[in-house]
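Structure, as structure tokens:
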Amino acid sequence: MRRRLFVGFVVLQALVLVGWAASLEQARARATLVRLEIAPLDPRDLLRGDYIVLSYAISTLPESQLVGRRPEWSDAGRPIYVALAPRDGRHVAVAASLEREALSSGGNQRLIVGRLRGAGGRASGGPRGVEYGIEQYYVPEGKGTLPPGRMEAEVALTVDGRAFLTRLFVDGKPHP
Amino acid sequence: MADRFATRLAAEVHGWVRDGLVSPEQAARLLARHPVEAGWLSRPTAIFALVGGALVAAGLALVVSHNWEHIHRWAKLGGLVTALLAAYLGGLRLRERGYPRLGDGLFVLGGGCFLVGIGLIGQIYNLSGRPADAVALWWVLLLPAAYALPSLALGALAYTGSVIWFFMMLDDRGTALGRAAGMVPLFWTVPLASLGLVLFGLGMLHGDRAYRRLRQALEQAGLVLLFITFVWFGIERVSWFRVDTCRCASVAVAGWTILGAVLLVLGATRLPASPPGARRSCLAMLLLLPLYLGGLQILVATGARPFVWDALRYASWALMFGVALGLVLFGARWNRISWINWGMLSLLAQAVARYLDLFGTMLQTSVLFFSAGILVLGLGWALERMRRRVTADARRREPA
């Protein structure tokens, strides 16, 4: 009995890995591809191990784009919904809100969901930094240094706003 | 040491029978009391198996990382899942054939493969979510497999994962615990003490049968956390608490303290029932700890005056002294050697901490170091004598 139970839990572990990968594969296959501008990076923070740490133009939201209630310090970690619209071949943030309903779903607009980053202490005011779960790009060993040029990320966006980082482009060419 | 003693006893006892010092029946009873649980070879084997398992897991991860470009993502995952299944099932086979420690090594390898698999998926799909969530997924699925057998190595791995997960949550401002720790520095120490309660309570809950080893490991981990955090509560002055930054409370911090209290109550039900009233007394003593932690949180929420904080600091001295002494006494009563050892160590640590606390600013540095050294040596000698006596008494009693 104990043996069967153990084997069952082991198989469950294997199934979780395979099932998780399959669900991500399916979500990515159905997603829409958009290009996002990568914000200038501090070279010292660029490479940590074998992945590149990325920051996006949409990683910091200006006050003017916030719709509805302003995020407070205690909102750190909460989801924030950001509306993206195409401009010059890329997608840029046009509005953001803590409530999904507050954003109008325009024809060519796409939704991306991030999480508010907690910054500093309580006195630092409300958080404006956002993490989308696409801030790390894994590269082959030793290829973490990006060449100079205009950097963009190709991101697959699912209907519900989940983002998958698929490729990096430097001056329009895929990297690495 | 215990194994060495048992091995020596087994060798000597035949001579005692031959010389007429003890009867064959008495020799048999002596050997039954101190059985040679494991040959000396089995310990190095266990260590080699565990280290070997961990190295093979690391090697697998490196093979994948070095050939990242050339391996299809499903091939990477497929290979890892195959390795995971092979390690677990191989461990099971070895265990059934009478090599439990080698089997445990393979279980650790299997558990490592599972963690590598979670990391691999994150890497393949460039996921950069909350790292604590990945660790949570790992230990939550590892734990049932550990209990199913049971396997001490897999259980220890899963519980280590849970403690790492807790620390990651505490360090992440995106979690409720992390936000609380960011509000008031004291909310870093209180959850750690609460985690100590949770581990200790969980340990007691394991009882004295198949999960006895897990009980010992969890109890000790819990006691270490509790003693470290309470020594800290005793040292911290009101200005260090920096509780004036806000009058706030955290449901997450309170939740962990309550969980700790609940587990202590549940765990106490697994303590030996004799002598009458001892179990209840032990529980009452242990419940003072969550009560103290709750008091700290209430004071943060209401904004207490400095003298109240000082009073609470002195209360922590008395509390920890009492709890450490209580653990030694209950440990002697119920033959729980780890309670005795940690209780003694805590008494020593507190005596030194209090000495430095009281005389640290009054004496010259050289005199302070010299006298503190003498104090540690003297106290250490006295407590070790006491520990040996209490431990011997405990061993003489039948385990309840």
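If you check B:Tyr147 against the conditions, is it hydroxyl-bearing (Ser, Thr, Tyr) and at pLDDT below 90? Spell out the reasoning first.
Numbers: hydroxyl-bearing (Ser, Thr, Tyr): yes; at pLDDT below 90: no.
Here the answer is no, as B:Tyr147 does not meet what is asked.
Taking into account only those residues within segment B:142-174 that are within 12 Å of another protein chain (Cβ to nearest Cβ), of a type in the set (Gly, Ala, Ser) and part of a helix (DSSP H, G or I), which is surrounded by the most Cβ atoms within 10 Å (Cβ to Cβ)? Reasoning before the result, please.
Of all residues in segment B:142-174, those within 12 Å of another protein chain (Cβ to nearest Cβ) come to B:142-151, B:154, B:158, B:169, B:171-174.
From the residues that got through so far, the ones that are of a type in the set (Gly, Ala, Ser) too are B:145-146, B:148, B:151, B:158, B:174.
Filter once more, keeping what is part of a helix (DSSP H, G or I): B:145-146, B:148, B:158.
Numbers: B:Ala145: 26, B:Ala146: 24, B:Ala148: 19, B:Ala158: 22.
That would be B:Ala145.
Just the residues that are open to solvent by 50 Å² or more (accessible area, probe 1.4 Å) and assigned to a strand (DSSP E or B), please, taken from segment A:61-83.
A:Val67
Which residues, taken from segment B:315-352, are hydroxyl-bearing (Ser, Thr, Tyr), under 20 Å from B:Tyr292 (Cβ atoms) and touching a Gly at 6+ places or on another chain (Cβ under 8 Å)? Step through it out loud before you land on a result.
Within segment B:315-352, the first condition is being hydroxyl-bearing (Ser, Thr, Tyr), and the residues that meet it are B:316, B:338, B:346.
From what is left, the residues that are under 20 Å from B:Tyr292 (Cβ atoms) are B:316, B:346.
Residue satisfying the conditions is B:Ser316 alone.
For the structure I just gave you, tell me whether B:Gly196 is modelled with pLDDT of 95 or more and crowded, with 20+ Cβ neighbours inside 10 Å. Steps first, please.
Details: modelled with pLDDT of 95 or more: yes; crowded, with 20+ Cβ neighbours inside 10 Å: yes.
Considered against the rule, which asks whether it is modelled with pLDDT of 95 or more and crowded, with 20+ Cβ neighbours inside 10 Å, B:Gly196 comes out as yes.
On the given criteria, is A:Ile58 in contact with a Leu (Cβ under 9 Å, 6 or more places away or on another chain), modelled with pLDDT of 85 or more and either within 14 Å of chain B (Cβ to nearest Cβ) or open to solvent by 30 Å² or more (accessible area, probe 1.4 Å) (or both)? Step through it out loud before you land on a result.
Details: in contact with a Leu (Cβ under 9 Å, 6 or more places away or on another chain): yes; modelled with pLDDT of 85 or more: yes; either within 14 Å of chain B (Cβ to nearest Cβ) or open to solvent by 30 Å² or more (accessible area, probe 1.4 Å) (or both): no.
No, not satisfied.
Filter segment B:15-56 down to residues that are within 30 Å of B:Cys113 (Cβ to Cβ) and either modelled with pLDDT of 70 or more or touching a His at 6+ places or on another chain (Cβ under 7 Å) (or both), then give me how many there are.
7
Here is a yes/no grid of residues against (1) among the aliphatic types (A, V, I, L, M); (2) more than 9 Å from every other protein chain (Cβ to nearest Cβ); (3) assigned to a helix (DSSP H, G or I); (4) surrounded by fewer than 19 Cβ atoms within 10 Å (Cβ to Cβ):
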residue: B:Gly79; (1), (2), (3), (4): no, yes, yes, yes
residue: B:Leu85; (1), (2), (3), (4): yes, no, yes, yes
residue: B:Gly91; (1), (2), (3), (4): no, yes, yes, no
residue: B:Phe114; (1), (2), (3), (4): no, no, yes, no
residue: B:Gly117; (1), (2), (3), (4): no, no, yes, no
residue: B:Ala132; (1), (2), (3), (4): yes, yes, yes, no
residue: B:Val140; (1), (2), (3), (4): yes, yes, yes, yes
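The values are calculated or read from the model by the stated rules, or taken from the named source; none is laboratory data. Being a predicted model, the structure only gives us computed values, none of them experimental. Every residue, glycine as well, gets a Cβ built from its backbone with ideal geometry; the counts of neighbours run over all protein chains shown. What goes into the accessible areas is simple: the full protein's heavy atoms, side chains included, and nothing from ligands, DNA or RNA. Shrake-Rupley method; radii C 1.70, N 1.55, O 1.52, S 1.80 Å.
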